[in-house]
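Structure first, then comments.
Laboratory data are not the source of any read-out in this text; all were calculated from the coordinates shown. Only a predicted model underlies this, so the values are computations on that prediction, with no experimental measurement involved. Glycine gets a Cβ as well: all are built from the backbone with ideal geometry, and neighbour counts include every protein chain shown.
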Amino acid sequence: MIVNRQNLAMAYTGFKTAFQQAFDGATTDHDQIITTIPSTTSQETYAWLGNTSNFREWIGDRVVQALKQHDYTIKNKSFEMTVGVPREAYEDDQYGIYAPMMSNMGQAAREHPSTLVWNALKNGFTNKCYDGQFFFDTDHPVLDASGEEVSVSNFGGGAGTPWFLLDTTRYIKPLILQNRKPYKFVAMDKEDDANVFFKKEYVYGVDSRLNVGYSLWQLAYASKQTLDAASLNAAYTAMQTLKGDNGNLLGVRPKLLVVPPTLRTTALELLKAERGANGATNINRDLVDLLVTPWLA
């Protein structure tokens with residue numbers, strides 16, 4: 001192939017198409033546990049997280065309920081993935097063999113948020129959320145009915161393989177995916193680009209700006225206890241009986257059990273078997289949905 005601007009533009013169009021088709025066709029498993037927030041600057045502060053107010057009977061004037069402000073901030077990060085195609089591949093008309101590499105880059109770009117989301121979830125034992133506590137902790141500060149601060153837990157303890165119970169029924173989900181710049185396919189394929197001039201290499205890549213952070217810890221419960229009927233029921237009850245400030249019930253509805261591949265069989269037996277190991281009716285059958293994700297392996 002004659003290496004000229006026209007032919008390079010045609011190659012770029014083909015590579016970009018391969019990238020986009022793979023991006024659009026890839027599947028992800030994190031969408032149901034995130035709230036996607038558009039970002040317009042280097043970081044976003046979520047002062048509203050943790051603010052709770054309730055309906056009251058309207059007697060007299062409206063009462064403006066004082067809400068506690070938080071300074072929880074998610075900073076955007078830049079990410080990139082870059083591949084190179086040697087000039088000889090164009091000269092020998094072999095650049096088409098690199099199309100699968102562009103498709104792979106498209107799939108990787110689509111799945112990249114999953115890696116951030118699931119890493120954030122499994123690192124919630126050591127990463128802090130809006131109240132200054134670890135996302136999964138035993139002492140989240142909450143005001144009781146008398147206005148006194150008490151500790152509330154969303155961690156079941158233990159030292160085994162972690163599993164997670166989440167409320168995904170609300171508009172606000174347990175995690176926040178903050179998007180500053182979407183994934184964009186770009187090229188450095190001009191003859192006077194440094195990579196072409198010095199290395200005889202045409203460079204193609206994708207970059208984005210985003211990050212993942214924590215929403216409401218009340219919507220997530222983690223445990224490292226052995227996953228069985230007793231521990232699942234304890235987590236389910238703990239979530240449904242959660243109270244916010246001033247002793248108000250939050251109405252949390254556990255909806256999704258998330259486990260790594262090593263707990264797949266156990267989770268399926270808990271949620272799908274008609275009867276338990278002792279032959280009794282399995283009262284937890286279809287209690288919640290199940291998600292087994294390889295990103296927690």
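Structure values in brief
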{"read-out": "Net charge over other residues, Cβ less than 11 angstrom from the Cβ of E269 (K, R count +1; D, E count -1)", "value": "+2"}
{"read-out": "Cα-based reach from K255 at 16 Å (exclusive), listing aspartates and glutamates while leaving out same-chain residues under 8 positions away", "value": "D29, D31, D167, D286, D289"}
{"read-out": "Sorted by Cβ density within 10 Å, fewest first, the residues W118, W48, W163", "value": "W48, W118, W163"}
{"read-out": "Among S215, S103, S78: highest mean-square fluctuation, GNM of the chain, C-alpha pairs under 10 Å", "value": "S78"}
{"read-out": "Partner aspartates and glutamates for K199 [C-alpha distance under 16 Å; skip if fewer than 8 residues away on the same chain]", "value": "E88, E91, D189, E191"}
{"read-out": "Gaussian network model of the chain, springs between alpha carbon atoms under 10 Å - residue of F135, F185, F198 with greatest fluctuation", "value": "F198"}
{"read-out": "Pairs of lysine residues in the stretch 104-196 - Cα separation under 28 Å, sequence separation of 8 or more or cross-chain", "value": "7"}
{"read-out": "For the chain, share of DSSP beta bridges that run antiparallel, in % to the nearest 5", "value": "80"}
{"read-out": "I37 long-range amide H proximity, modeled H, under 5 Å", "value": "L177, Q178, N179"}
{"read-out": "Kirkwood estimate for the chain, i.e. one over the average of 1/r between Cα atoms, Å", "value": "22.3"}
{"read-out": "Residue among G25, G244, G157 with the largest mean-square fluctuation in a Gaussian network model of the chain, springs linking Cα atoms under 10 Å", "value": "G25"}
{"read-out": "Proximal charge balance of A187 [Cβ under 10 Å; K/R count +1, D/E count -1]", "value": "0"}
{"read-out": "Whole-Å distance, taken between Cα centres, linking the stretch 211-233 and the stretch 99-148", "value": "12"}
{"read-out": "Estimated [θ] at 222 nm from DSSP helical runs (n ≥ 4, -39500 (n - 2.57)) normalised by residues in the chain, nearest 500", "value": "-8000 deg cm²/dmol"}
{"read-out": "Helix axis angle, 5-25 relative to the chain longest principal axis, alpha carbon, degrees", "value": "20"}
{"read-out": "Size of charge dipole - the chain - debye, nearest 20, with Cβ of Lys, Arg +1 and Asp, Glu -1, no other charges", "value": "220"}
